[in-house]
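J.: Dropping a structure here in structure tokens format, bear with me for questions.
The values are calculated or read from the model by the stated rules, or taken from the named source; none is laboratory data. Values in this document were obtained by computation on a predicted structure and should not be read as measured data. Note that each Cβ is placed from the backbone with ideal geometry, even for glycine, and that neighbours are counted across all protein chains shown.
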Amino acid sequence: MTTSITWDQANARRLDRQFLATSAPEGVPAAEVVAAMLGAHAQVMSAAELSVGVRGDTLTRADVRKALWEDRTLVKTHGPRGTVHLLPADELPLWCAALSAVPSGTSGQAADVRVTERQADEIVAAIADALDGVHLTIDELSEEVVARTGPWAGDLVMPAFQTLWPRWRQVLHRAGQSGALCFGPNRGRKVTYTRPPLFDPLPPEEAVRELVRRYLHAYGPSTPAWFAKWLAAPGGWAAKLFGRMAEAGEIEKVGFEGAGDAWVAAGDLAFPADRRVRGVRLLPYFDAYGIAAQPRERLFPGDAYRRALAGGQAGNYPVLLVDGVVAGVWHQRRQGRRTTVTVEPLGRLTARQERELGERVERVGAVLEAERSELVVGAVTTGAHA
């Protein structure tokens, strides 16, 4: 008989495993929090710092920066979906092997812009060689890549931000995903790149299976389609992968309210009682939970689907969670050592929820190391990504 899981059960377990039901206590390192999230989206670094910090009782942006640039327990590189993420340094053998094993889709570039697979491999090898033991800006790296490959790699043919980038730049994310490149500390206002410490990647099939198990631990029950969406992988490839794992007894099927058949890691059937998680949370732009938790219509119910998403896409707005689901949006403005957080609830908050919201705003201020935090309840007038 197939086990049936309700939305409230799944959501409660996911929140608990994400340090969103109970915060990580003092002493839990930033890298452990990031591991539980399956990576922190870091296209906007301040958002990544908040994603990690709000999951802890005492974590601040200074702790995240120390883990990244001093202790090197975190690495800033290209992760799921090819986007910039913070990943635990000791998990690079898993991540790089798994991400490199995901089939790439058809390039969105014009035919005269694309590179062949051989050229892509040549560029990645050139990047790894150029970054070994040094930190280079993008312009410095470009010179080194062209010198190691040929003038064709430097052709200004790739449209980007109202300008043209050199041809090799379309492979930058692949270099990050394969372990040839990661971000270094900024040089003034300029981004730098370096090569992460050398490591032996896991065998590709072993890596993708382990990534599925970790994904299901954090976000299950789930489906191959949801996994593919989270990873930006081909749906057919994900379905076959889940099929192989099911045949091997590594994952098992459950019934999931509103979704039908879904999957969990084998034996991982312990779910809390059928109840909703109580409490208030503030999650920043592109927080891992808002992006990965499915079905999205349940996490963003009613008006939240219209107000907190952009055409169904998650991450464009910081969100207010009330009792485990999105119930508003918010915006943070920093002025000197003071931060003002404007929260727009989509429904009426109880007195208890208002008090807790004030505490969450204080926590946002603490993560950002602000001396003073102010809560304003009202309309958020800024647009997506503001």
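J.: Consider Ala238 carefully, then state whether it is part of a helix (DSSP H, G or I), out of contact with any Asp or Glu (no Cβ under 6 Å at 6 or more places or on another chain) and crowded, with 20+ Cβ neighbours inside 10 Å.
T.: yes
J.: Which of the following residues is in a helix (DSSP H, G or I), under 25 Å from the mean Cα position of the chain (by Cα) and acidic (Asp, Glu): Glu344, Glu362, Glu369, Glu356?
T.: Matching residue, one of Glu344, Glu362, Glu369, Glu356: Glu362.
J.: Moving to a separate point now. Given (1) part of a helix (DSSP H, G or I); (2) in contact with a strand residue (DSSP E or B) (Cβ under 9 Å, 6 or more places away or on another chain), identify the lone condition not met by Asn186.
T.: (1)
J.: Let me ask something else. Here's a check for you: in the stretch 87-136, which residue that is of a type in the set (Ser, Thr, Tyr) and over 20 Å from Ala35 (Cα atoms) is modelled with the lowest pLDDT? It would help to see each step written out before you state the result.
T.: Going through the stretch 87-136, the residues of a type in the set (Ser, Thr, Tyr) turn out to be 100, 104, 106-107, 116.
Still in the running and over 20 Å from Ala35 (Cα atoms): 104, 106-107, 116.
Working: Ser104: 81, Thr106: 66, Ser107: 69, Thr116: 92.
Checked the stretch 87-136; the qualifying residue modelled with the lowest pLDDT is Thr106.
J.: Output the qualifying pairs, or none if there are none: Cβ atoms under 7 angstrom, residues six or more apart or on different chains, first residue in the stretch 47-65 and closer than 12 Å to Val34 by Cα, second residue part of a helix (DSSP H, G or I) and hydroxyl-bearing (Ser, Thr, Tyr).
T.: none
J.: Just checking, how many residues over the stretch 4-21 are within 14 Å of Leu321 (Cα to Cα), not in a helix (DSSP H, G or I) and not small (Gly, Ala, Ser)?
T.: 3
J.: Another question about this same structure. Looking only at the stretch 138-157, which residues are in contact (Cβ under 8 Å) with a residue 40 or more places away in the chain and crowded, with 18+ Cβ neighbours inside 10 Å?
T.: Correct list: Leu141 only.
Conditions tested, residue by residue: (1) under 30 Å from Val264 (Cβ atoms); (2) at pLDDT 95 or above.
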site: Met158; (1), (2): no, no
site: Thr163; (1), (2): no, no
site: Gln170; (1), (2): no, no
site: Cys182; (1), (2): no, yes
site: Thr194; (1), (2): no, yes
site: Arg209; (1), (2): yes, yes
site: Trp226; (1), (2): yes, yes
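J.: Still on this structure, I have one more. So is Val75 buried (at least 24 other Cβ atoms within 10 Å of the Cβ), modelled with pLDDT of 95 or more and either charged (D, E, K, R) or assigned to a helix (DSSP H, G or I) (or both) or not?
T.: No: the conditions fail for Val75.
J.: May I pose another question? If Pro301 meets every condition in (1) surrounded by 17 or more Cβ atoms within 10 Å (Cβ to Cβ); (2) in contact with a strand residue (DSSP E or B) (Cβ under 7 Å, 6 or more places away or on another chain) apart from one, which number is that one?
T.: (1)
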